[in-house]
Structure formats: structure tokens, C-alpha cells
Amino acid sequence: MIQNKATSPPIEGEPPSKLQRDLLPRIVELIRHDGLEPGSRLPEALLAQRLQVSRTPVRAALRHLAERGMISPLPGGGYALSTPLDEIRPGEFAPVASDLDEYCVRIARDRVDGTLPPQISEADLMRRYELGRPLLLRVLNKLAEVGLVERLPGHGWLFSPVNDLTAINESYAFRRIIEPAALFEPGFALDPAWLADMRRRHEDMLQQPWTAMLSVGLFEMNAEFHEGLIAASGNRYLVLALQQQTRLRRYANYSWRYGPDRVAISCREHLEIIARLAAGEIELAAALLRRHLDLARDLSTAPRG
């Protein structure tokens, strides 16, 4: 027990990223919930709204479902269901483990430690991590998908800036202002299905024996939780502002150093906020969210022993 900036498209035939793998069963669940028949269109924008994520990972997840024959591309763009629901086996599109996460964690940790320079060549990365170029490109494209690196002309890559303590404090101060306030926006409305899915995923995380490779999935779930709350406000500018903050904090969270105890605390804090929101207790949920951010800030800025 646990005790958007997409700069490079995925390589054709590449396994889905962790975020995309998480979306596959959720898209299938929506298709089942709506009782769709073969030929029914799957609007990308609507799926992104219902899943409360950006359109980029939804687009990639749909492409992977098409590669596996469940849906088909339409001549004018988009996709339609091509497989009857009774032919889709339960768990067929469940997430699977990926070696990519291991290398994402190692690279993020080395960048935070300063052992990787801001700019580096593919040849240097191949030597350092003993990787072949195809696998390295898959890792780099995954990091590029979440805005941690960008391709330079030739075979070089540029890492995004790593936050210093001042930037971390400023980021949490900013989030402390906008995130609780978003819950009080006039148009704030949460999809009960999204809340239930968030509850299930956090409970599943609590049940898993902790390994460093889970840090990528932990962060993406965490980011979806906070961005989902902001998205429910209906204010696009709040969403864009928080997505920028998400990109800035990915390094530290991909290289998670706080152990399984802190994972459990964070998940339980999220679950308590979810419970209060489900009960309609907005003021209490906002207070819990504010406290959650304060505790996360204190942890992120504490001296490392």
C-alpha cells in the first residue's frame, strides 16, 4: 500500500503516453455510458470537455484507439465508433506499465539536480542513458508533449527552465489566489462522473505499492485534479493560467523525492476535497484546497536533508 504545450507529435506506431493510456479506458467508459452504436461520431472537443483535459491528449488517445481498430477515421476528419459495444472486452484498454516513465523520471531528476545542461544533443543523451535513438526519441517526444523539452534544429534539445525557490513560492502564492476562487465562479459546475472517476483513481493510487516509476502517473493525476477544478469554473483564462503553472512544476514532481507517506497524504487531501464538493460544501472545499496548497508549498520549499 502506499503507505500544453505539445511541441512534437508522437512518432507513428509509438505506444501511448501515460496520460493517453489513462484516457483510453475513460473514453471507452463514456462510449458505454452513452450507449453509442457503430457509426456514432466521437467529437474531440466534447470528449475533452467531459474528461476535463485538453484536446491534445484526447486527439492522441483517439488515434491509438483507431490503430487498435475500435474506432475509424472519418473522411472529413474526426473519428466514429466502428466496434459494437458487446465486442469490446472489459479491461481491454486498461492502462499498462511503460518503460518510458522510468527514463522520464531519470531525466527529470538529473535536470533538477543540474547534472544535465539546459541544452543537450541526442548523442550525449544516448551515451548517458545507454539508449538507442528510437527509444530516446519516444522519451523526448513524451517530455515534449508536456512541455519539458523542445526540439532544436538538428539533433539538439532544449530543456524548459527549472524553478528556483523564489519561483516556487510565487507559483504557490498565485495558485492559492486562483484555485479556491475558481470554486466560487457563477458558472462553476462539476460533472459527477468526473468526480467519481477522480475518487476511483486516487483510491487506486493509495492501494499501489509505491515505486519511483509511479511519480509520472501521480503527477498527471494530480494535474488533472487541479485543472479539472479550474475548468469547472467555465473561465478559460483561469484554465490557461493553471496549465502554465502545471508545466512549470512538472520537473520537481516527475522526480518525486518525498516518499510514499507524502503520496498518501496528498491523495487523502484530494479525496476529502472531492467529498466536500460532492456534498455541495463549496466553502469548506475551498478552505481545504487552500490548506492543501499551503502544505504542498511548505514541502516543496523545505531544505532537503
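Observations
- About the Cα centre, charge dipole magnitude for the chain (Lys/Arg +1, Asp/Glu -1 at Cβ), debye: 540
- The calculated pair-distance distribution of the stretch 18-87 uses every alpha carbon pair, bins of 10 angstrom beginning at 0, and gives 21, 61, 18 percent.
- Dipole axis of the chain (+1 Lys, Arg; -1 Asp, Glu on Cβ), positive-most option in ALA285, TRP210, ASN253: ASN253
- The stretch 65-204, dipole about Cα centre (Lys/Arg Cβ +1, Asp/Glu Cβ -1), debye to the nearest 20: 280
- Computed over the stretch 165-301: relative contact order in percent, which uses C-alpha pairs under 8 Å that are six or more apart: 41
- Cα-Cα separations in the stretch 165-301 greater than 22 Å, expressed as whole percent: 34
- Between LEU165 and ALA302, the distance separating the two model label sites (each 7 Å from Cα on the Cα→Cβ line) works out to 1.5 nm.
- FRET efficiency for GLU37 and ALA123, using Cβ-Cβ distance with R0 set to 41 Å, rounded to 0.05: 0.20
- Average projected area [Cα convex hull, the stretch 99-159], square nanometres: 3.7
- Note on the chain: dipole from Cβ charges, positive end direction compared against GLY228, ILE274, LEU74; the farthest Cα belongs to GLY228.
- Label-point gap, in nm, between ALA264 and ALA287 - each point 7 angstrom along Cα→Cβ: 2.6
- Multiplying the residue separation of ARG200 and ALA173 by 0.36 nm and removing their Cα-Cα distance gives an extension gain of 6.8 nm.
- Length gained on full extension, TYR237 to VAL112: 42.1 nm, using 0.36 nm per residue less the C-alpha separation.
- Amide N proximity, the stretch 123-153 versus GLU67 label position 7 Å along Cα-to-Cβ, cut-off under 17 Å: 134-146
- The stretch 163-218 versus the stretch 108-122: alpha-carbon centroid distance in Å: 26
- Convex hull volume per residue for the chain, taking Cα atoms only, in Å³: 146
- Using the Karplus relation 6.51 cos²θ - 1.76 cosθ + 1.60 with θ = phi - 60°, the per-residue 3J(HN,Hα) values for the stretch 260-266 come to x, 4, 5, 4, 4, 4, 4 Hz, with x marking Gly and Pro.
- Each Lys and Arg contributes +1 and each Asp and Glu -1, all at the Cβ; summed about the Cα centre of the stretch 99-159, the dipole is approximately 100 debye.
Laboratory data are not the source of any read-out in this text; all were calculated from the coordinates shown. From a predicted model like this one, the values you see are computed outputs, not experimental measurements. Backbone-built Cβ (ideal geometry, glycine too); neighbour counts: all protein chains shown.
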